[in-house]
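Contents: one structure, followed by commentary.
The values are calculated or read from the model by the stated rules, or taken from the named source; none is laboratory data. All figures in this text were calculated on a predicted structure; none of them were measured in a lab. Heads up, the Cβs are rebuilt from the backbone with ideal geometry, glycines too, and the neighbour counts pull from every protein chain shown. Surface areas here come from the heavy atoms of the whole protein model, side chains and all, with no ligands, DNA or RNA. Shrake-Rupley method; radii C 1.70, N 1.55, O 1.52, S 1.80 Å.
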Amino acid sequence: MPQHANQELEAFRMACASVRACLARGQARSALDALQNFTAPPRAIAAEYWMLRGHACMALGLASDAVHAFREWLRVEPESPDARLRLAAALADDGQGRAAEAEVRRCLQDGERSANALFILGRALMDQRRFEEAETCLRDAIGLDPTQITAQHNLSELVWMRTGDVAAASVELDRALYAHPAVAGALRVAKARLWLAAQQPERALAELESGLADAADDPGLLRAAAGMALQFDGARALAYARRALRVIPNDWDAIAVFGNALLATGDAGGALAAADRLCARDPDHGEALAMRADALRMAGDPRYRALFDYTHLVHAERIEVPKGWPSLTAYLGDLGQALDALHGARIHPVANSLRGGSQVALVPERSDVAAIRAFPQAIDGAIGRYLRALGTGPDPMRRRNTGAYRLNGMWSVRLRANGFHVNHYHPKGWISSSCYLRLPAAVAGCDGEGWLRFGEPAFPTVPALPAEYFLKPEPGLLALFPSYLWHGTVPFPGSVAESRLTIAFDVVPAAGRPAPSVPDFTRIVS
């Protein structure tokens with residue numbers, strides 16, 4: 001082998017070793033960065049290269065990029081069941097349920113009947129809303145391996161969404177809890193999330209405390225207990241957060257829940273220090289930015305207004321009429337009808353902001369329905385105008401503005417009467433949204449029912465930090481705002497037949513030229 005080829009191979013091997021180390025430390029972004037300068041790996045190391053690249057992309061939520069990487073791995077090793085299963089998992093994450101199913105079924109036909117294969121098949125079937133088949137696959141996966149935590153999570157969530165019954169959703173969790181103590185902590189966390197979804201945080205915390213009685217230093221249980229106590233008891237949350245930090249002092253989630261617990265107990269200075277620690281690691285992370293703004297606001301520091309600048313950072317305008325529809329009303333009618341057909345679940349997902357409704361993921365470019373496929377066209381103009389109005393600058397929103405964007409996840413939510421979104425933010429987003437398609441009669445009033453609210457944390461603080469800004473929904477209105485802004489909805493009354501139908505999505509920067517600053521845009525805000 002020529003000397004330059006040996007040098008190239010060695011460089012690739014060193015890069016792969018660095019990526020393995022980064023992935024082991026949970027540093028997926030650093031792992032992917034280590035591979036950016038290597039695009040055509042030598043055949044001797046190509047399989048490892050594409051495998052690692054795919055795993056880094058999956059960890060970062062870059063499902064489409066992971067699909068490409070795993071396809072390349074499978075091209076290099078066409079008989080590898082691992083490559084095919086990883087590709088299937090990435091396809092499922094990318095919303096390509098049919099393609100994922102085809103890859104998994106080929107593995108099963110080749111004799112690869114593992115818990116992992118059945119779990120991925122269950123995920124692919126869930127994506128296609130074939131819920132009964134999906135439940136069977138997930139139960140089969142757990143039957144082969146009850147310690148498959150992700151399968152346990154998915155099965156419990158699926159049963160919960162179909163029944164709204166915590167006991168029914170917990171059957172397999174409870175069975176595995178006592179038979180497999182090595183994973184009992186993770187299983188208790190899954191069960192606690194069910195109780196939280198049922199709006200019973202005290203029972204959720206009791207479940208976690210039962211686990212801590214047997215494993216006092218379990219980091220997952222401590223983190224979860226701190227987060228759960230945060231819903232109603234700041235002092236208990238702080239005590240659990242301190243214990244978690246003693247066990248895992250550099251863990252992001254432990255630092256984050258510690259900072260929020262300090263906000264819950266009125267320690268603005270301590271919370272600001274925790275936020276600064278997180279911002280030093282990732283200055284664009286929504287969790288760090290929201291905590292920093294809350295701490296500054298609690299301290300009476302006017303710098304928080306630069307982050308929670310509702311006047312300039314919250315924008316609302318009507319979407320455009322896509323080609324093929326005579327009016328916005330006609331388009332919204334077709335789109336609403338198509339989405340109603342997709343909302344098959346009885347109740348909201350676990351670990352989600354909505355209460356009293358259902359949610360479905362959308363991948364417009366792969367939809368069979370013209371109205372759904374046209375939605376990106378309908379919102380493109382509004383997003384472009386938001387970016388141009390945003391301009392460039394040193395703050396967390398403007399410094400990322402390249403003038404170009406890509407959609408990073410899209411979903412529809414249908415809320416029933418008395419439904420709402422708890423206050424939340426999107427920690428890994430840049431721009432978030434809500435597009436209103438259909439609204440109950442109560443929202444048309446002036447008392448805020450069903451309106452979008454900003455600025456109030458998801459947990460009680462001392463002193464209280466109430467919502468500061470409200471936006472009145474209207475059919476066809478698209479609201480755009482920073483992903484780190486606390487946002488939720490005010491519950492609305494109504495009849496059983498009434499619902500509030502929306503589409504939401506996240507926007508992240510894409511390569512392009514920075515957008516120029518322009519005069520402020522027009523806002524439709526009440």
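Looking at (1) among the β-branched types (Val, Ile, Thr); (2) under 21 Å from the mean Cα position of the chain (by Cα); (3) open to solvent by 20 Å² or more (accessible area, probe 1.4 Å), which is the one condition that is false for residue 247? Of the numbered conditions (1) among the β-branched types (Val, Ile, Thr); (2) under 21 Å from the mean Cα position of the chain (by Cα); (3) open to solvent by 20 Å² or more (accessible area, probe 1.4 Å), the odd one out for residue 247 is (2).
Hey, among 113, 129, 123, 98, which residue is more than 26 Å from residue 340 (Cβ to Cβ) and of a type in the set (Lys, Arg)?
Testing whether each residue is more than 26 Å from residue 340 (Cβ to Cβ) and of a type in the set (Lys, Arg) leaves just 113.
The lone criterion from (1) in contact with a Ser or Thr (Cβ under 7 Å, 6 or more places away or on another chain); (2) of a type in the set (A, V, I, L, M); (3) under 25 Å from residue 125 (Cα atoms) left unmet by residue 91 is number (1).
Among the candidates 441, 479, which residue alone is over 23 Å from residue 398 (Cα atoms) and among the small types (Gly, Ala, Ser)? Break it down into steps so the answer makes sense when it comes.
Values: 479 fails: over 23 Å from residue 398 (Cα atoms).
Answer to the selection: 441.
For region 208-232, a residue qualifies if it is open to solvent by 10 Å² or more (accessible area, probe 1.4 Å), in a helix (DSSP H, G or I) and of a type in the set (Gly, Ala, Ser), and the qualifying residues are 210, 213, 220, 224, 227.
Give me the residue from region 418-430 that is in a strand (DSSP E or B) and buried (at least 19 other Cβ atoms within 10 Å of the Cβ) and, out of that set, modelled with the highest pLDDT. Steps first, please.
Just the residues of region 418-430 that are in a strand (DSSP E or B), to begin with: 418-421, 424.
From what is left, the residues that are buried (at least 19 other Cβ atoms within 10 Å of the Cβ) are 419-421.
Numbers: 419: 71, 420: 65, 421: 75.
Going through the qualifying residues, I end up with 421.
Report yes if residue 344 is more than 19 Å from residue 470 (Cβ to Cβ), modelled with pLDDT under 95 and open to solvent by 30 Å² or more (accessible area, probe 1.4 Å), otherwise no. Spelling it out, residue 344 is indeed more than 19 Å from residue 470 (Cβ to Cβ), modelled with pLDDT under 95 and open to solvent by 30 Å² or more (accessible area, probe 1.4 Å).
Of the numbered criteria (1) farther than 23 Å from residue 434 by Cβ; (2) of a type in the set (D, E, K, R); (3) over 23 Å from the mean Cα position of the chain (by Cα); (4) crowded, with 18+ Cβ neighbours inside 10 Å, the one residue 317 fails is (1).
One line per residue, one yes/no per condition, for (1) of a type outside the set (Phe, Trp, Tyr); (2) modelled with pLDDT under 95; (3) within 23 Å of residue 368 (Cα to Cα):
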position: 12; (1), (2), (3): no, yes, no
position: 42; (1), (2), (3): yes, yes, no
position: 47; (1), (2), (3): yes, yes, no
position: 58; (1), (2), (3): yes, yes, no
position: 62; (1), (2), (3): yes, yes, no
position: 93; (1), (2), (3): yes, yes, yes
position: 98; (1), (2), (3): yes, yes, yes
position: 107; (1), (2), (3): yes, yes, no
position: 121; (1), (2), (3): yes, no, yes
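Only one entry in 256, 264 is under 25 Å from residue 398 (Cα atoms) and modelled with pLDDT of 95 or more, namely 256.
Being outside any helix (DSSP H, G or I) and either open to solvent by less than 50 Å² (accessible area, probe 1.4 Å) or over 26 Å from residue 411 (Cβ atoms) (or both) narrows it down to one of 157, 135, 79, 72, so name that one.
On the way: 157 fails: outside any helix (DSSP H, G or I); 135 fails: outside any helix (DSSP H, G or I); 72 fails: outside any helix (DSSP H, G or I).
Among 157, 135, 79, 72, only 79 is outside any helix (DSSP H, G or I) and either open to solvent by less than 50 Å² (accessible area, probe 1.4 Å) or over 26 Å from residue 411 (Cβ atoms) (or both).
In this structure, is residue 277 within 30 Å of residue 243 (Cβ to Cβ) and in a strand (DSSP E or B)? For residue 277, the condition - within 30 Å of residue 243 (Cβ to Cβ) and in a strand (DSSP E or B) - is not met.
Looking at 299, 338, which one is open to solvent by 30 Å² or more (accessible area, probe 1.4 Å), in contact with a helix residue (DSSP H, G or I) (Cβ under 6 Å, 6 or more places away or on another chain) and among the aliphatic types (A, V, I, L, M)? Give the derivation first.
Details: 338 fails: open to solvent by 30 Å² or more (accessible area, probe 1.4 Å).
Of 299, 338, the one residue that is open to solvent by 30 Å² or more (accessible area, probe 1.4 Å), in contact with a helix residue (DSSP H, G or I) (Cβ under 6 Å, 6 or more places away or on another chain) and among the aliphatic types (A, V, I, L, M) is 299.
Inside region 481-496, residues that are open to solvent by 10 Å² or more (accessible area, probe 1.4 Å) and polar (S, T, N, Q) make up a count of 1. Total residues in region 450-480 satisfying the condition of being open to solvent by less than 50 Å² (accessible area, probe 1.4 Å) and assigned to a loop (DSSP other than H, G, I, E, B): the figure is 13. Scanning region 160-183 for residues that are open to solvent by 40 Å² or more (accessible area, probe 1.4 Å) and of a type in the set (S, T, N, Q) returns a single hit, 163. Checking each residue in region 240-252 for being at pLDDT 95 or above and either assigned to a loop (DSSP other than H, G, I, E, B) or closer than 19 Å to residue 196 by Cβ (or both) picks out 240, 241, 244, 248, 249.
The set of residues in region 26-58 being open to solvent by 60 Å² or more (accessible area, probe 1.4 Å) and within 21 Å of the chain's Cα centre (by Cα) consists of 26, 27, 29, 55.
Look at region 431-449 and say how many of its residues are of a type in the set (A, V, I, L, M, F, W, C) and in a loop (DSSP other than H, G, I, E, B). Talk me through it step by step, then tell me what you get.
Residues of region 431-449 that are of a type in the set (A, V, I, L, M, F, W, C), as a first pass: 431, 435, 437, 439, 441-444, 446.
If we keep only those that are in a loop (DSSP other than H, G, I, E, B) as well, we get 439, 446.
Residues meeting the conditions: 2.
The lone criterion from (1) basic (Lys, Arg); (2) in contact (Cβ under 8 Å) with a residue 60 or more places away in the chain; (3) over 21 Å from residue 484 (Cα atoms) left unmet by residue 323 is number (2).
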